[in-house]
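Right, one structure below, let's go through it.
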Amino acid sequence: MCRKVKVRKQERGLLFKQGEFVRVLQPGEYRFFSGKMKVEMSSLVDWIRHPDLAVIAKSGALDAEALMLDLADDERALVWFDGRFEALLGPGLHAVWKPMLDVKVERVNTEQARFVHSKISTILAKPGSDVLLQRVDVDAEHVALLYIDGVHQAVLEPGVHAYWRSAGVIKALHVDRRERVLDVSGQEILTADKVTLRLNALVTYRVVDPLKAVSAVDDYTQAIYREAQLALREAIGTRELDALLSDKEAVSKELAELLKGRAGGFGIEVLSLGIRDIILPGDMRELLNKVTEARKVAEASLITRREETAAMRSAANTAKILESNPMLMRLRELETLERVADKANLTLVLGEKGLAERLVKAV
């Protein structure tokens, strides 16, 4: 029985007889009279995929029209079709037709765990690339601590990074280098004069040594919180309540200095530590309000007495001046008469001659 097979221009036919590769069929029509013959079509714009690719390649039948890539265990290949990235190939034998494709290949050695390429984002975006490469994205104002098989390798700056999965178990710890604020709230502390206070504080800090921050303590945020608690107890517990309330700024500076020394040991820079709230017990608040009220009343009484004393001193000085100068006394009397005349009718009754003369002299 005759069987007809047509190979199109964009194809090649792989001819097998009883499972054994015979040759590559070029475009055209073929007739086979034996049922033992089998033709498998392969597109010229695709990879040559066949379980017996190694056997076919060794026959030399693909040498003229196919590009063969035989990659060792420590080799990888970047393949570009017509200027576009097509695939990242791992170890093994690979083949692609050349007649209709402009194929370019970059061989890469994996001795260096890190993969660097000018078009790394394009390569990583290709489906299947993540089988051979592990992507590590580092956000702005962050760093990543890279570990391979548990051993620290590098500090990665912001950007896109890639590492060969064959290098080992890859782990990246991300650390935020921005300024951060930690709320230390609800701290109950006993002052030197046995008053129990509740304090709320704010710690502003940032990571300056990411490796030390991650390796020196299990959780540097919790470590800062703990050290801030200890600093508060050390600074507040040695002060009496009045000293604390009268100079909170000095207390904040002392707290910041205490915390800076402790936090520097695990790669943290403390920018500030400030007391946000001081909460007193109810009876203590009531007592302080009474003390403040009494103090203000005393201050008001003192000011009143000072003003009265000043007024009396001024009146005494005026009397001395008038006593030594009768003319000033008469002028003062006339001013008084003038003010009275402005507000009411003033009637003068002149009697005997002596009274009139004295009044005229006064005028």
*Given a Förster distance of 45 angstrom, what is the FRET efficiency for Ser301 paired with Thr204, based on the Cβ-Cβ distance and rounded to 0.05?*
0.50
_At a 10 Å Cβ-Cβ cut-off, how would you order Ile321, Ile224, fewest neighbours first?_
Ile321, Ile224
*Just how large is the dipole of the chain about the Cα centre, in debye to the nearest 20, putting +1 at every Lys and Arg Cβ and -1 at every Asp and Glu Cβ?*
1280 debye
*asked:* Taking R0 as 35 Å, what FRET efficiency do you get between Arg276 and Leu211 from their Cβ-Cβ distance, rounded to the nearest 0.05?
replied: 0.65
*From the phi of every residue in the stretch 49-58, what ³J(HN,Hα) in whole Hz does the Karplus formula 6.51 cos²θ - 1.76 cosθ + 1.60 yield, where θ is phi - 60° and glycine or proline is x?*
10, 7, x, 9, 4, 4, 5, 5, 5, 5
_Modelling each spin label as a point 7 Å along the Cα-to-Cβ direction, I'd like the Arg226/Arg177 distance in nm, to one decimal._
2.7 nm
_Helix-only CD estimate at 222 nm, as mean residue ellipticity for the chain, using -39500 (n - 2.57) per DSSP H run (n ≥ 4)_ = -11500 deg cm²/dmol
_Quick check: the distance between the Cα centres of the stretch 26-41 and the stretch 127-142, to the nearest angstrom?_
47 Å
*Quick one: compute the contact order of the chain, relative version, from alpha carbon pairs under 8 angstrom and 6+ residues apart, as a percent.*
9 percent
*Please identify, among Phe266, Phe21, Phe33, the residue showing maximal mean-square fluctuation in a Gaussian network model of the chain using a 10 angstrom Cα cutoff.*
Phe33
*Residue separation times 0.36 nm, minus the C-alpha to C-alpha distance between Asp102 and Ser324: what's the value?*
67.5 nm
_I want to check the label-to-label distance for Asn317 and Ser34. Put each point 7 Å from Cα in the C-beta direction and report it in nm to one decimal._
14.0 nm
*If you work out semi-axes √(5λ) of the Cα gyration tensor in Å from the coordinates, which of (1) 38, 22, 20; (2) 46, 24, 19; (3) 105, 31, 16 do you get?*
(3)
*Which length gain, in nm to one decimal place, applies between Asp242 and Gln187 when the Cα-Cα distance is subtracted from 0.36 nm times their residue separation?*
17.9 nm
*Show the residues, 5+ positions off or on another chain, whose built amide H is closer than 5 Å to the amide H of Ser272.*
Thr204
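Since every read-out is calculated from the coordinates, none of them should be taken as a lab result. Owing to the predicted nature of the structure, the values given are computational and were not obtained by experimental measurement. FYI the Cβ positions are ideal-geometry reconstructions off the backbone, even for glycines, and counts take in every protein chain you see.
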